[in-house]
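The values are calculated or read from the model by the stated rules, or taken from the named source; none is laboratory data. Note that the coordinates shown come from a computational prediction; the quantities given were computed from them, not determined experimentally. For neighbour counting, all protein chains shown are included, and Cβ atoms are generated from backbone atoms with ideal geometry for every residue, glycine included. Accessible surface is based on the protein model in full, side chains and every heavy atom, while ligands, DNA and RNA are left aside. Shrake-Rupley method; radii C 1.70, N 1.55, O 1.52, S 1.80 Å.
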Amino acid sequence: TRLREVQVLHDQLRGLLEDPRFDPPLQPREIAVLAPDIDPYAPYIETVFGGLSGRAEFIPYAWADASPLAAEPLAEVFLRLLALPISRFGLSEVLDLLGTPAIAEQAGLDTPALERLRGWLCDAGVRWGLDAAHRQRLDAPRDDAYTWAFALDRLLLGHASGADDAIAGVAPWTGLEGGALDALDALIRLLRVLARNERAFAAAMTPAHWHERLLGLLAALLPQRPRADADQRTLDRLRTLLKDFADAAQRAGVEMAVPPEVVRAHFQAVLGEADTRAPLLTGGVSFGRMVPMRLLPFRAICVLGMNDGDYPRRDPAGGLNQLTAELGTGARRRGDRSLRDDDRFLFLQLFAAAADVFYLSYLGADPRDGSEREPSVLVSELLDVSARYHAAADQAREALVVRHPLQPFAPGAFGAADDEAMPEPRRFSYRDEWRPAAAAAHGARHELGAWLASPLPPTGDTDTLSLAELRAFLRDPPLAFLRQRLGLRLPEGADAAVDVEPLALPGRGLQRHHLQQAVFEACARGGIDTLHAQLRARALLPSGPLGERQLEQLLAEVQPYADAFSNWCGGDEQPRMFELDLGEVQLHGRLEALYPAGLARFRFDTLHGPAQIAHGLDWLVLSALGERLPLAQFAKAASGAGPHLREAIAPEQARAALRALLTLRAWGLREPLPFLPRAGWLWYECELAGKDGWAKAEAQWHGGRSWGEGATVSAELALRGRDPFADAELGESFREIARLVFGAVVHGRSEEFGDADAGADVAGASA
């Protein structure tokens, strides 16, 4: 990565400055660090070099030239606004624009408001496009599904009506909070400005008209005087550049309409320009871009970013320059300028200007998969020429290249042998903060100990408990321990804003469940004639034949469950609130999907551990309340979709089973339990059938090529890498807990977990 490239550069420069072979010693002012484009390196240079300011290892440095586009984000925002005619208006694109500090300041939005907006818009179905007409202008079908107009109609109608039923073909979204209108109003005002200028900027205008339009856009989106000084300087410079653009056209007598592509190219070039007259000799290491005919001899010249395709640059394939169009043809004549030839000559100048050290750096591997990347062809040619001066040319060529590890805390970063036969002394680091991690990684690996030497004391605050809390504990005991006893807030998977509409059914997860549930409800009501339109209005299916095919697939999956349920339920739903006295704990909650025929629970697939826990807990509560109604599970099985009935049990038996689960929860909050429900159910189901299910449970825990239940953040952190399928004691605890949990929720059993010693034997192997 570029960050790692700059980190290695800093260490190598410190090594050069301390190298006793230089006489006189090398000084920072005698070093130049250049790049074909220095702007992308600016934040990393400031982090690595500037972050050491005031410390002994600080190397003085200065910028010889850098464009305002790299240093001032508001300039990049201006260029994005110029590109509105070719913008898709994707969700993340618009929200990123709205999140720019100056624009957010003008709109009166803070970070929490922006996060709320992102959540609402994702749920309401924004993906890309202003409306159907905008999509058509971008050569897409004229369809408003998943556009901004589509989602805003849902949000506003939901706020106005508070109803869930579709109105005039629009499905209201009723999740807006009370104070949400300010943020929504700011978004709508921004979109109006962007939409108006998207159409205006698509047409050619005179320079004076461009000047007027662009000034109006800045005034509409940005405050007259931003709070940040850097934003104020950028805004003043943008206004000056706009005036210069109009004045230059007036002086030249240009009154013709200028196409938007030309205006974008002009301001892209102007904002990317740097003052190449700035001096390089500044008293510290000079960072700058590679510019012809401005180099003084330096004792050390370092060049970053020598990647294949980045340098030498390619000559543009088209455009107004006819000389460029003829470069690859027989019409080219001596003296015709080629950007690629200019870059090759500049590289030769750099090589000649380096008095003692010529340092080249490139990204040699993909940071994600480690696949090899080639350097610039000029680097390869230099290596080839240099290798010819040695008897063993191949070995010499290899020895001239030093490969650094991706991470600064890798043992190889400190010279240790990595994948090579011998340590590499040319790899070194001065960063003391990384040395302990590197030493630990390079040394012998030791298994982490348990979190606790002995269980924590009881919580003592379990007078009342909701059924949802008990269910959440049993579905992920390690997570409950970390959150409720250690107070750890684990990272949650952030849903990145998606800028494309769904073109395939989700394979699993909450989104597919919502789709199946919506189709099931429609099938149960008998109203599937307009179901595609209803689901499209709720941003659950795409428009057209693609959405219809997806609906056919969903109907084939869900219709058997709906038919079986309709024949069984016996009437309307009768939900029930409850409070259940279980001795030391008062359990409370609400039972949904309760019908005259019994308690209905659904899974449009085979039953797994979490489903059995959720269904079985409700069944136990209903039985403990004295209701003699069965549990009807509708799920995929050899005997069909259901109902698979489980008769009610005696109230005292159900209460005893619930108390056993509460005892398990009490222990699970004193120490982490080595149990997760998916793997636990696979093992328990096989044990019921008289089979050995340990291998199936192990495959579910580890995952292999698919998702592994034991790879969750909560399990890895709470168990600290300890594996119940590799540790005999943990394995026995896993089996005991699985018997207790599923024996209770499936059969109503109440295995004792009660006294401290027994509890420690069952759950305390992790201690």
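What the table shows:
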{"read-out": "Chain lengthening between residue 426 and residue 243 when straightened (0.36 nm per residue, less Cα-Cα)", "value": "60.5 nm"}
{"read-out": "Residue 266 paired with residue 689, simple spin-label distance in nm, labels 7 Å along Cα-to-beta-carbon", "value": "7.5"}
{"read-out": "Extension gain from residue 19 to residue 338, taking 0.36 nm per residue of separation minus the Cα-Cα distance", "value": "110.8 nm"}
{"read-out": "Fraction of the pair-distance distribution of the chain above 53 Å, Cα-Cα pairs, percent", "value": "33"}
{"read-out": "Estimated FRET transfer efficiency when R0 is 41 angstrom, pair residue 192-residue 590 (beta carbons, to 0.05)", "value": "0.40"}
{"read-out": "Inter-probe distance in nm under a simple model that places probes 7 Å from Cα toward Cβ, at residue 76 and residue 105", "value": "1.8"}
{"read-out": "Residue-normalised accessible area of the chain, given per residue in Å² at a 1.4 Å probe", "value": "50"}
{"read-out": "Folded to 0 to 90 degrees: helix 728-747 orientation relative to the chain principal axis, Cα", "value": "50"}
{"read-out": "Region 30-45 - phi-based ³J(HN,Hα) in whole Hz, Karplus 6.51/-1.76/1.60, Gly and Pro as x", "value": "9, 10, 10, 10, 10, 8, x, 9, 7, 4, x, 7, 4, x, 6, 5"}
{"read-out": "For region 576-651, alpha-carbon Rg over 2.2 N^0.38 Å", "value": "1.13"}
{"read-out": "Contour minus Cα-Cα distance for residue 224 and residue 463 (0.36 nm per residue)", "value": "80.3 nm"}
{"read-out": "Label-point gap, in nm, between residue 366 and residue 568 - each point 7 angstrom along Cα→Cβ", "value": "4.8"}
{"read-out": "Share of carbon and sulfur in the accessible heavy-atom surface of the chain [1.4 Å probe, %]", "value": "51"}
{"read-out": "Relative contact order (%) - criterion: Cα under 8 Å, at least six apart; region: the chain", "value": "12"}
{"read-out": "Hz values of 3J(HN,Hα) by residue in region 361-372 - Karplus curve (6.51, -1.76, 1.60), Gly and Pro given as x", "value": "9, 8, 7, x, 8, 6, x, 8, 10, x, 5, 6"}
{"read-out": "Residues of type lysines that residue 636 reaches as a straight line, Cα spacing below 27 Å, ignoring anything fewer than 8 places off in the same chain", "value": "691, 696"}
{"read-out": "Calculated FRET efficiency for the pair residue 400/residue 440, C-beta based, R₀ 30 Å, to 0.05", "value": "0.40"}
{"read-out": "For peptides 681-693, 589-601, 654-666, 358-370, sequence by mean Cβ density within 10 Å, most packed first", "value": "654-666, 589-601, 681-693, 358-370"}
{"read-out": "Amide H contacts under 5 Å for residue 595, placed H, 5+ residues apart", "value": "574, 600"}
{"read-out": "Backbone HN-Hα couplings from phi across region 146-160 [Karplus 6.51/-1.76/1.60, Hz, Gly and Pro as x]", "value": "6, 8, 5, 4, 4, 6, 5, 4, 5, 5, 5, 5, x, 5, 6"}
{"read-out": "Highest-first arrangement of 513-522, 3-12, 147-156, where packing means the average Cβ count within 10 Å", "value": "147-156, 3-12, 513-522"}
{"read-out": "Residue 747 accessible area, assembled protein chains, probe 1.4 Å, Å²", "value": "70"}
{"read-out": "Rounded to 10°, Cα long-axis angle of helix 73-82 versus longest principal axis of the chain", "value": "90"}
{"read-out": "231, 139, ranked by accessible area, largest first (probe 1.4 Å)", "value": "139, 231"}
{"read-out": "Most to least packed among 80-89, 221-230 [average Cβ atoms within 10 Å]", "value": "80-89, 221-230"}
{"read-out": "Cβ-Cβ FRET estimate between residue 137 and residue 525, R0 fixed at 35 Å, reported to 0.05", "value": "0.35"}
{"read-out": "Point-charge dipole on Cβ atoms (K/R +1, D/E -1) for the chain, about Cα centre, debye to 20", "value": "1540"}
